[in-house]
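Encoded as structure tokens, the structure appears first; notes follow it.
The values are calculated or read from the model by the stated rules, or taken from the named source; none is laboratory data. Keep in mind it's a predicted model, so treat the numbers as computed, not measured. Ideal geometry is used to build each Cβ from the backbone, glycine not excepted, and the neighbour counts take in all protein chains shown. Remember, those area values only see protein heavy atoms, side chains included, never the ligands or the DNA or RNA. Shrake-Rupley method; radii C 1.70, N 1.55, O 1.52, S 1.80 Å.
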Amino acid sequence: MSLQNPNTAKQLLTRYLPKESVALINLDSLEPQNATFIDDALQTSACDVAFRVKTVDERTAYVYLLIEHQRQPHKLLPFRLLKYIIQLMNRHLIQNETSVLPLVIPLVIYNGDRVYPYSMDLFDLFAPEDRQMAKDMLVAPYPLIDLNTLDVREIRDDSWVSIMLNALKYGPSKAKPKDIIALLYPSHLKLRWV
């Protein structure tokens, strides 16, 4: 495919990527990757090309081109694109034995029978009343209960929660049974069977 040629890709990306993305990367460093992330069921109607590229400050990033040959537009295209981007990130983590995610700059080329009628904003796939919450949930730090810092005395009044979290925190491999009973005893007294 001619898009695997870095010179062709450079011309395409210069013309069609957002200016902020072009300013972020060194297009002279485009290096085609031997990988595809498209589901087997879609291989006849789509293809993809990934390039490793250096950012202007010499970090590794990727440009991901998805070429859509489907005649009927699919509303879930942004979601599929997200799945492919995550697969590319995961491949980078494994191959480079790192825990630092790379930037991935996507570009879709659509070749349907009519103009693509849907939004390419992933969050437009959520119900209007859920869009802001979806953005907040997906891009904000995720909630975490760290049992290492949990003071079990603070949750003794919530009987079932206390039992569950104490069992996880002080399970058989972490504490002696008599210590677990001592911690659970106040909660145990409040249990009511229905």
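Can you confirm whether VAL161 is over 24 Å from LEU65 (Cα atoms), among the β-branched types (Val, Ile, Thr) and touching a Ser or Thr at 6+ places or on another chain (Cβ under 8 Å)?
Judged against the criteria, VAL161 is not a match.
Only residues that are in contact with a Pro (Cβ under 9 Å, 6 or more places away or on another chain) and loosely packed, with under 12 Cβ neighbours inside 10 Å were counted in segment 82-139, giving 6. If you scan segment 21-31, which residues turn out to be under 23 Å from LEU77 (Cα atoms) and open to solvent by 60 Å² or more (accessible area, probe 1.4 Å)? Within segment 21-31, no residue meets the criteria. Looking at segment 108-123 only, could you name the residues that are within 14 Å of LEU76 (Cβ to Cβ) and of a type in the set (Val, Ile, Thr)? Across segment 108-123, the qualifying residue is only VAL108.
Close contacts from segment 49-73, counting a first residue that is farther than 26 Å from TYR110 by Cα and a second that is modelled with pLDDT of 90 or more and basic (Lys, Arg), with Cβ to Cβ under 6 Å and a gap of 6+ residues or different chains, come to none at all. Among the residues of segment 31-58, which ones are in a strand (DSSP E or B) and either at pLDDT 70 or above or touching a helix residue (DSSP H, G or I) at 6+ places or on another chain (Cβ under 6 Å) (or both)? GLU31, PRO32, GLN33, CYS47, ASP48, VAL49, ALA50, PHE51, ARG52, VAL53, LYS54, THR55 - these are the residues of segment 31-58 that are in a strand (DSSP E or B) and either at pLDDT 70 or above or touching a helix residue (DSSP H, G or I) at 6+ places or on another chain (Cβ under 6 Å) (or both).
So which helices (runs of 4 or more DSSP H) are wholly in segment 87-194 and hold at least 1 residues that are modelled with pLDDT of 80 or more?
131-139, 159-169
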